[in-house]
Amino acid sequence: MEATHAHGAGHAHGDDHSHRPKGIMRWITTTNHKDIGTMYLWFSFAMFMVGGAMALIIRAELFQPGLQYVEPEFFNQMITLHGLIMVFGAIMPAFVGFANWMIPMMIGAPDMAFARMNNWSFWLLPPAGILLTASMFVPGGAAGTGWTLYPPLSIQMGIGMDMAIFAVHILGMSSIMGSINIVTTILNLRAPGMPLMRMPMFCWTWLITGYLLIAVMPVLAGAVTMILTDRHFGTSFFNAAGGGDPVLFQHIFWFFGHPEVYIIALPAFGVVSHVIPAFARKPIFGYTSMVYAIASIALISFIVWAHHMYVVGMPVAGQLYFMYATILIAVPTGVKVFNWVATMWRGSMTFETPMLFALGFLFLFTIGGFTGLVLSNTAVDVQLQDTYYVVAHFHYVMVAGALFSAFAAVYYWLPKWTGHMYDETLGQWHFWTSIVSFNIAFFPQHFLGLAGMPRRIPDYALQFTDFNQVSTVGAFGFGLSQLLFLYVVLKAIRGGEKAPAKPWEGATGLEWTLPSPPPYHSFEEPPVLTETKGHA
Amino acid sequence: MGERKAGPLQVLRTVLSGLFGVRHRRTHEEDAAGLRPIQVIVAGVVVVAAFVLAIVTFVHFVATK
Ligand code: HEM
Ligand SMILES: [Cu+2]
C-alpha cells in the first residue's frame, strides 16, 4: 500500500517522509502509533457521547416517579448498553489511546512493537461499537441484563443478547492484542539506559494493566461463550433447569470484573502520577513504593471478587474471607493517595486545567474508595447491595476517578499532540462545570441508596423524588459540560497559541524533548539518556 | 551496577513493604542494586498465597463455634 504512493518531491515537512496514503486510506492502513492513538481517542469520545446520551435517557426517566418517556424494557436496555459502552467503549479505549500516543515517546521508541497488530486492535473496535448500538434495533431489542450479563436473564433474551456477546468477544480480542503490544513495547523497546525502575510511572501502570488484561479478558470471553452455548447449543452451564448453576456465572464474571476495575484505575493512577509532580514541580514521592504498591494491588485484585456477591448465599466463612481481603486491599490503594499528597507537600503548585482535573480525581476518587470500604463490610453491604449507593460508589471511582484522570491527560498532552495550547479559561470552565455537576448528579445517590432505592429500575417510590430530581439536573449539567470539552479540543486542534516543546515548566520525560507537535516518526534513533532524563 | 544478589529475606521485605505501599529510600536503593524481577514476582505470588491462607485460617478461627 505504502509503495504505491509516489515519493513527494523535496520532502517539505522536515523528517516527515512517510509514504502514507492520503485521505481515509491513511487511517485504515496506518501502522503509526500516533495515528492509531488519535483514532482510539476519537472512538472513545464518540462512544462517550453515545453512552452519555443513554445515561441522559435513564436520568430523564428517573426525574419523576412513574413511567414518563420509555418502556421498562427499553430502560433496561439503556442501563445495559450504557454500562457496556462506557466501560469497554469509552474508558478502556481512551487509556489505550494515551498508551499508543505516549508510551513510545516516553521510552524513546520509534513505534509500538507490533505496528500492524496495533492497526488491527483498533479496527476491531468500531464493529464492536456498531454491534452494541445496532442491537437496539433488532427484534426484542438490546440485552436488558445490565452490564454484568447475569443468567438466567442472559440465557433468555433475544438476538440483541447474542450481539452483545459477540461485541464482548471482539472487544476482548482487541484488548488482549493491545496489551500484548504494550507489554512487549515496554519490555523490549526502551531506550538504552532506561532501566525498568527508572521508567515513567505511566509505563509502569500500563505494564501491569497489560498483564491484568491478558489474564482476565479470556475469563470474560469464556463466561460469555458459556452463555452463548447455553443459549444455542444445549449446554447447561448456568441453566438451573438443566442442572447448571447461575451463581457460577457470577463467580466467573467477577473474577474478571474486580481486576477489571483496576484495569480501569491503574492507568488513571499513572496519568495522575505525571500531572501532579509536573504542577507541584517536585518529583513523585516514593516512586519505588508506588511501583510495588501498584503491582501488589494488581495481584490482590484477583482474590477479592466475591465482595460483589455477598447476598448470593455464601457460607459465613466465605463472606468473612472476602470481607477481610477486600478491606486489606484498600491499604495499598489508600497509600497511593498519601503518595500524591506528599508529592504536593511544599511543592510550588499552579493550577492549570490538567492539575485541576488531577486534584478533582484525588478528592473524588478518595470518596469512592471510602464508599468501597463501606460496601466491603458484609453486614452493611447486605443492606446496600443493588441500591443506588453502589451506583454512587462506582461512579465516583470510574467517572471522577478514571474519566477525570483522562481529562487531565488530554489537557496535559494536547499541546504536545496538536502543537497548540488549548484555551486555558475554557478548560477551567470545563473543570468547574464538570466537578460541580458531577457531584450534584452523584452525591445524592448515596442518600437514595441508604434510603433503600434499588438500582436498575425505571420507577420508584414517591419519597425518593427530590434527590432523583437533583441528580437528573446534575446529570444534564455534566452532559452539557462535555460539549464544552469537545469545543476546547477542536479549538486547540484548529489553532491557538503555539506550544513549545515543553509547555509545562515542571514536566519531565523524553516526550517533552520532542517538538510539539512531534514529527510523524519520532525516535528513529534511540535518544541518549543521561542520569536525570527519562525518569517520571 | 555491582551484581550483589539479594537474599530471600530481603526479597520478602521488599514484597511486604510493597503490599503495604511504603518504603525507605535507603532500603529501596539496596533493592535496586540487588533484586532481579523474577525474584520479586515469585515472592509476590508466594506472599499473596500466604496472605490468602492466613485470612482463611483466621476466618476458620472466628467462624467456628
Ligand atoms: C478501595 C477500593 C475499593 C473497594 C474497597 C471497593 C469495593 C466494592 C464493593 C464491596 C462493591 C460491591 C458493592 C455491591 O454490589 O453491593 C463494589 C462495586 C463496584 N466497584 Fe468498587 N471498590 C473499590 C474501588 C473501585 C474502583 C477503583 C473501581 C473502578 C475504577 C470500582 C468499581 C466498581 C464497580 C463498577 C462496582 C459495581 C459493579 C456492579 O455491580 O455493576 N471500585 N466495590
Ligand atoms: Cu470489586
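Dipole of the range A:35-530 (Lys/Arg Cβ +1, Asp/Glu Cβ -1, origin at the Cα centre): which of A:Phe447, A:Val96, A:Pro151 lies farthest to the positive side? With unit charges placed on the Cβ atoms, the residue in question is A:Val96. Of A:Glu61, A:Glu424, the order by accessible heavy-atom surface (1.4 Å probe, DNA, RNA and ligands excluded), from most exposed downward, is A:Glu424, A:Glu61. The distance from the alpha carbon centre of the range A:477-512 to that of the range A:178-245 is 32 Å, rounded to a whole number.
Counting only heavy atoms of the protein chains and using a 1.4 Å probe, B:Ile55 has close to 10 Å² of accessible surface. Against the main long axis of the alpha-carbon atoms of chain A, helix A:465-494 sits at an angle near 20°.
Estimated at 0.36 nm per residue, the fully extended path between A:Glu524 and A:Asn377 surpasses their Cα-Cα distance by 47.6 nm.
A simple spin-label model places pseudo-atoms 7 Å from Cα toward Cβ; at A:Phe351 and A:Asp459 they are separated by 4.7 nm.
Wrap a convex hull around the Cα atoms of the range A:263-330, take a quarter of its surface area, and give that in square nanometres. Walk me through the numbers on the way to the answer.
Values: hull surface 21.6 nm².
Over all viewing directions, the range A:263-330 projects a mean Cα-hull area of 5.4 nm².
With every protein chain in place and a 1.4 angstrom probe, the accessible-area ranking of A:Trp432, A:Trp504, largest first, reads A:Trp432, A:Trp504. With each label modelled as a point 7 angstrom along the Cα→C-beta vector, the A:Trp120-B:Val62 pair spans 4.9 nm. At an R0 of 25 angstrom, the distance between the Cβ atoms of A:Phe137 and A:Trp42 translates into a FRET efficiency of 0.60. At full extension, A:Thr225 and A:Asp245 could sit 5.7 nm farther apart than now, given 0.36 nm per residue minus the alpha carbon distance. For chain A, the longest principal axis of the C-alpha atoms and the axis of helix A:92-107 are separated by about 30°. Gain on full extension, evaluated as 0.36 nm per residue between A:Leu426 and A:Arg281 minus their Cα-Cα distance, stands at 49.8 nm. Rolling a 1.4 Å probe across all protein chains gives A:Trp429 an accessible area of roughly 150 Å². If you take all other residues with their beta carbon under 13 Å from the beta carbon of A:Pro72, and give Lys and Arg +1 and Asp and Glu -1, the sum is -3. Of the whole protein surface, A:Tyr487 contributes about 120 Å² of accessible area at a 1.4 Å probe radius. Rounded to the nearest 20 debye, the dipole size of the protein assembly as shown about its Cα centre is 1140 debye, using +1 on the Cβ of Lys and Arg and -1 on the Cβ of Asp and Glu.
Give me the one-decimal Kirkwood hydrodynamic radius in Å for the range A:35-530, with the sum taken over alpha-carbon pairs.
23.1
The values are calculated or read from the model by the stated rules, or taken from the named source; none is laboratory data. This structure is a prediction, so every number in the text was calculated from the model and none was measured. Counting neighbours? That spans all protein chains shown, and the Cβs are built from the backbone with ideal geometry, glycine included. Protein only, heavy atoms only, side chains kept; ligands, DNA and RNA dropped before computing areas. Shrake-Rupley method; radii C 1.70, N 1.55, O 1.52, S 1.80 Å.
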